[in-house]
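Participant: After the structure tokens below, expect a handful of questions from me.
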Ligand code: NSS
């Protein structure tokens with residue numbers, strides 16, 4: 001048997017093979033046996049089709065076996081393609097041959113199970129067509145993200161995952177035993193990307209990032225995929241433009257290539273379409289606080305915006321939007337202070353609309369040696385740990401900016417999910433690292 005004898009289910013569903021004999025293979029998704037006939041829905045990576053297995057054509061044994069066999073057995077079938085408006089997808093295959101390749105007895109997912117049970121059986125749950133669609137959406141998001149940078153002349157680089165010091169503060173660091181000492185899993189490639197702009201000017205990377213988040217929330221993972229960019233000579237405005245172009249490009253490509261998958265999982269495309277248009281609205285932190293106060297939120301200037309505050313703001317907008325110029329106390333040590341008001345930083349967050357909140361964090365970086373040293377000390381960090389990072393400001397410092405995009409945050413919004421866990425096949429949270 002040659003490999004190309006088997007055709008993808010999706011190509012049968014296109015309808016041009018009516019009357020022809022085809023062979024497909026996949027897994028049993030649903031089946032029912034009525035009299036001498038079995039109606040078997042088979043799925044592969046491309047779709048689901050109904051195969052009719054009739055005793056008179058394939059023999060009694062196959063139909064009897066199908067009565068006993070469990071869901072998710074792997075099978076192959078050959079038969080004639082028939083138009084059938086009552087079948088899902090509009091076509092079915094009337095089998096001449098039907099073989100079971102791998103038996104499956106008592107498949108443990110039957111529908112209606114609780115969340116923890118499903119997470120314990122994640123290795124099997126991931127077979128459902130819904131997860132396949134979500135993983136395809138993520139594939140397109142990742143592909144479009146890479147494509148944006150490559151086609152705009154940015155260099156891809158490979159920063160380390162094992163690191164010696166914090167980028168985003170000690171509270172969410174994951175320590176690991178590293179020979180005789182302690183190292184940390186990377187929270188962000190930023191500090192390394194800053195090194196590399198001195199040779200390549202515009203760089204990007206896509207890596208896992210790790211955050212030891214103390215609580216389980218709907219939008220925090222302990223391990224997530226981080227798409228980061230850094231460029232010499234870019235100020236905050238330049239970098240905000242890159243961020244919005246990137247997000248707009250990813251949304252556009254996903255709408256183009258994954259429309260069907262988005263519709264099938266119930267995403268409202270009308271709101272999503274608005275994210276293709278740029279520029280995105282920009283508000284300053286001061287204005288965000290005013291909006292929140294007029295909405296009755298109890299918040300004062302200087303406080304960080306948590307998920308609840310972001311949700312209130314993100315309902316106000318139909319497009320992704322920027323918040324800029326945060327108080328320096330609530331942002332990281334590396335952000336440049338605004339020369340016009342040194343209480344605030346030249347930093348920005350990009351928030352997704354429809355209540356989703358932050359998907360990107362970025363800033364212009366402090367490029368002056370003394371000012372950066374002061375910020376490191378003010379933040380209670382040890383300058384010794386950042387000697388190499390400070391060196392960048394001693395030898396040919398340049399203005400520069402960058403940002404990080406959380407791929408799963410973006411996927412959560414694009415897919416319209418109410419929890420981040422379904423944007424990643426094997427989610428990592430506090431209290432769970434299985435499978
Ligand atoms: O902490 S960030 O806001 N910023 C940085 O890490 C910068 N050092 C990036 C840079 O400038 N190169 O994280 C960036 C994004 C944030 O907007 C979220 O979208 C995502 O990373 N993020 C997360 N996603 C999922 N789970 C968790 N815990 C998480 N933390 C941040």
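The values are calculated or read from the model by the stated rules, or taken from the named source; none is laboratory data. The structure presented is a predicted model; accordingly, all values stated were derived computationally and were not measured. Note: ideal-geometry Cβ built from the backbone for every residue, glycine included; neighbour counts use all protein chains shown.
Participant: Considering only residues that are at pLDDT 95 or above, within 26 Å of residue 217 (Cβ to Cβ) and either outside the structural domain of residue 137 (by TED's automatic domain parsing) or in a helix (DSSP H, G or I) (or both), which ones fall in the range 270-289?
Facilitator: Across the range 270-289, the qualifying residues are 272, 275, 285, 287, 288, 289.
Participant: Quick check on residue 145: is it within 18 Å of the chain's Cα centre (by Cα) and either over 25 Å from residue 76 (Cα atoms) or in the same structural domain as residue 185 (by TED's automatic domain parsing) (or both)?
Facilitator: Values: within 18 Å of the chain's Cα centre (by Cα): yes; either over 25 Å from residue 76 (Cα atoms) or in the same structural domain as residue 185 (by TED's automatic domain parsing) (or both): yes.
Criteria met by residue 145.
Participant: Next question, about the same structure. On the given criteria, is residue 267 modelled with pLDDT of 95 or more, touching a strand residue (DSSP E or B) at 6+ places or on another chain (Cβ under 6 Å) and more than 16 Å from the ligand (Cβ to nearest atom)? Working first, answer last.
Facilitator: Numbers: modelled with pLDDT of 95 or more: yes; touching a strand residue (DSSP E or B) at 6+ places or on another chain (Cβ under 6 Å): no; more than 16 Å from the ligand (Cβ to nearest atom): yes.
Against the criterion (modelled with pLDDT of 95 or more, touching a strand residue (DSSP E or B) at 6+ places or on another chain (Cβ under 6 Å) and more than 16 Å from the ligand (Cβ to nearest atom)), residue 267 does not qualify.
Participant: Which of the following residues is crowded, with 18+ Cβ neighbours inside 10 Å and free of Cβ contacts under 8 Å to residues at least 40 places away in the same chain: 262, 227, 185, 191?
Facilitator: 185
Participant: Cβ-Cβ distance below 7 Å, separation of 6 or more or different chains: which pairs start in the range 1-19 with a residue that is under 16 Å from residue 49 (Cβ atoms) and end on one that is crowded, with 16+ Cβ neighbours inside 10 Å and at pLDDT below 95?
Facilitator: 13/89
Participant: Looking at (1) within 16 Å of the ligand (Cβ to nearest atom); (2) within 18 Å of residue 285 (Cβ to Cβ); (3) not in a helix (DSSP H, G or I), find the lone condition where residue 309 falls short.
Facilitator: The single condition residue 309 does not satisfy is (3).
Rundown of residues vs (1) in contact with a strand residue (DSSP E or B) (Cβ under 8 Å, 6 or more places away or on another chain); (2) surrounded by 17 or more Cβ atoms within 10 Å (Cβ to Cβ), yes/no style:
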position	(1), (2)
124	no, no
130	no, no
137	no, yes
140	no, yes
150	yes, no
153	yes, no
160	no, no
164	yes, no
175	yes, no
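Participant: Same structure again: For the range 320-337, which positions are farther than 9 Å from residue 363 by Cβ, within 15 Å of the ligand (Cβ to nearest atom) and part of a strand (DSSP E or B)?
Facilitator: Once the filter is applied, which keeps residues that are farther than 9 Å from residue 363 by Cβ, within 15 Å of the ligand (Cβ to nearest atom) and part of a strand (DSSP E or B), the range 320-337 yields 321, 322, 323, 324.
Participant: Can I ask one more? Quick check on my filter: what residues within the range 201-246 are assigned to a strand (DSSP E or B), more than 10 Å from the ligand (Cβ to nearest atom) and out of contact with any helix residue (DSSP H, G or I) (no Cβ under 6 Å at 6 or more places or on another chain)? I'd like the intermediate steps shown before the answer.
Facilitator: Keep residues of the range 201-246 that are assigned to a strand (DSSP E or B), which gives 202-210, 223-232.
From what's left, more than 10 Å from the ligand (Cβ to nearest atom): 202-203, 206-208, 231-232.
Of everything in the range 201-246, those that are assigned to a strand (DSSP E or B), more than 10 Å from the ligand (Cβ to nearest atom) and out of contact with any helix residue (DSSP H, G or I) (no Cβ under 6 Å at 6 or more places or on another chain) turn out to be 202, 206, 207, 208, 231.
Participant: Look at residue 366 and say whether it is within 16 Å of the ligand (Cβ to nearest atom) and either more than 28 Å from residue 200 (Cα to Cα) or not assigned by TED's automatic domain parsing to the domain that holds residue 304 (or both). Before you say what the answer is, go through the steps one by one.
Facilitator: Details: within 16 Å of the ligand (Cβ to nearest atom): yes; either more than 28 Å from residue 200 (Cα to Cα) or not assigned by TED's automatic domain parsing to the domain that holds residue 304 (or both): no.
For residue 366, the condition - within 16 Å of the ligand (Cβ to nearest atom) and either more than 28 Å from residue 200 (Cα to Cα) or not assigned by TED's automatic domain parsing to the domain that holds residue 304 (or both) - is not met.
Participant: Tell me, which residue of the range 148-168 that is more than 23 Å from the chain's Cα centre (by Cα) and under 21 Å from residue 384 (Cβ atoms) is farthest from the ligand (Cβ to nearest atom)? Can you show your working first?
Facilitator: Kept after step one, since they are more than 23 Å from the chain's Cα centre (by Cα), are these residues of the range 148-168: 153, 163-166.
Remaining after also requiring under 21 Å from residue 384 (Cβ atoms): 163-166.
Working: 163: 12, 164: 16, 165: 13, 166: 10 Å.
Of everything passing the filter in the range 148-168, 164 is farthest from the ligand (Cβ to nearest atom).
Participant: Name the residue that is farthest from residue 261 (Cα to Cα), counting only residues in the range 6-57 that are part of a loop (DSSP other than H, G, I, E, B) and in contact with a helix residue (DSSP H, G or I) (Cβ under 8 Å, 6 or more places away or on another chain). Let's see the steps before the verdict.
Facilitator: Residues of the range 6-57 part of a loop (DSSP other than H, G, I, E, B): 7-8, 14-20, 35-36, 44-47.
Retained after the next criterion (residues that are in contact with a helix residue (DSSP H, G or I) (Cβ under 8 Å, 6 or more places away or on another chain)): 17, 36, 44-47.
Details: 17: 23, 36: 35, 44: 15, 45: 13, 46: 11, 47: 11 Å.
Here the residue is 36.
Yes/no matrix, rows are residues, columns are (1) within 15 Å of the ligand (Cβ to nearest atom); (2) modelled with pLDDT under 95; (3) crowded, with 17+ Cβ neighbours inside 10 Å:
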residue: 384; (1), (2), (3): no, no, no
residue: 388; (1), (2), (3): no, no, no
residue: 392; (1), (2), (3): yes, no, yes
residue: 396; (1), (2), (3): no, no, no
residue: 409; (1), (2), (3): yes, no, yes
residue: 417; (1), (2), (3): yes, no, yes
residue: 422; (1), (2), (3): yes, no, yes
residue: 431; (1), (2), (3): yes, yes, no
residue: 434; (1), (2), (3): no, yes, no
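Participant: Report every pair of residues separated by at least 6 positions or lying on different chains whose Cβ atoms are under 6 Å apart, first residue within the range 160-172 and assigned by TED's automatic domain parsing to the domain that holds residue 184 and touching a residue at least 24 places away in the same chain (Cβ under 8 Å), second part of a loop (DSSP other than H, G, I, E, B) and more than 12 Å from the ligand (Cβ to nearest atom).
Facilitator: So the pair list comes out as 166/173.
Participant: While we're on this one: Quick one: is residue 217 under 18 Å from the mean Cα position of the chain (by Cα) and at pLDDT below 95? So that I can check it myself, show each step before the final result.
Facilitator: Details: under 18 Å from the mean Cα position of the chain (by Cα): yes; at pLDDT below 95: yes.
Considered against the rule, which asks whether it is under 18 Å from the mean Cα position of the chain (by Cα) and at pLDDT below 95, residue 217 comes out as yes.
Participant: Taking residue 364, is it touching a residue at least 12 places away in the same chain (Cβ under 8 Å), closer than 17 Å to residue 188 by Cα, surrounded by fewer than 22 Cβ atoms within 10 Å (Cβ to Cβ) and under 26 Å from the mean Cα position of the chain (by Cα)? Step through it out loud before you land on a result.
Facilitator: Details: touching a residue at least 12 places away in the same chain (Cβ under 8 Å): yes; closer than 17 Å to residue 188 by Cα: yes; surrounded by fewer than 22 Cβ atoms within 10 Å (Cβ to Cβ): no; under 26 Å from the mean Cα position of the chain (by Cα): yes.
Judged against the criteria, residue 364 is not a match.
Participant: List every residue pair whose Cβ atoms sit under 7 Å apart, with the two residues 6 or more apart in sequence or on different chains, where the first one lies in the range 58-69 and is surrounded by 13 or more Cβ atoms within 10 Å (Cβ to Cβ) and the second, anywhere, is part of a helix (DSSP H, G or I).
Facilitator: Taking only residues 6 or more apart or on different chains, the pairs are 63/55.
Participant: Answer with yes or no whether residue 380 is in contact with a helix residue (DSSP H, G or I) (Cβ under 9 Å, 6 or more places away or on another chain), in the same structural domain as residue 275 (by TED's automatic domain parsing) and within 14 Å of the ligand (Cβ to nearest atom).
Facilitator: On the way: in contact with a helix residue (DSSP H, G or I) (Cβ under 9 Å, 6 or more places away or on another chain): yes; in the same structural domain as residue 275 (by TED's automatic domain parsing): yes; within 14 Å of the ligand (Cβ to nearest atom): no.
Against the criterion (in contact with a helix residue (DSSP H, G or I) (Cβ under 9 Å, 6 or more places away or on another chain), in the same structural domain as residue 275 (by TED's automatic domain parsing) and within 14 Å of the ligand (Cβ to nearest atom)), residue 380 does not qualify.
Participant: Counting only residues that are modelled with pLDDT of 95 or more and assigned to a loop (DSSP other than H, G, I, E, B), which one in the range 169-198 is nearest to the ligand (Cβ to nearest atom)?
Facilitator: 188
Participant: Something else about it: Going through the range 17-43 one residue at a time, which ones are at pLDDT 95 or above and farther than 15 Å from residue 92 by Cβ?
Facilitator: Listed by number, the residues that qualify are 25, 27.
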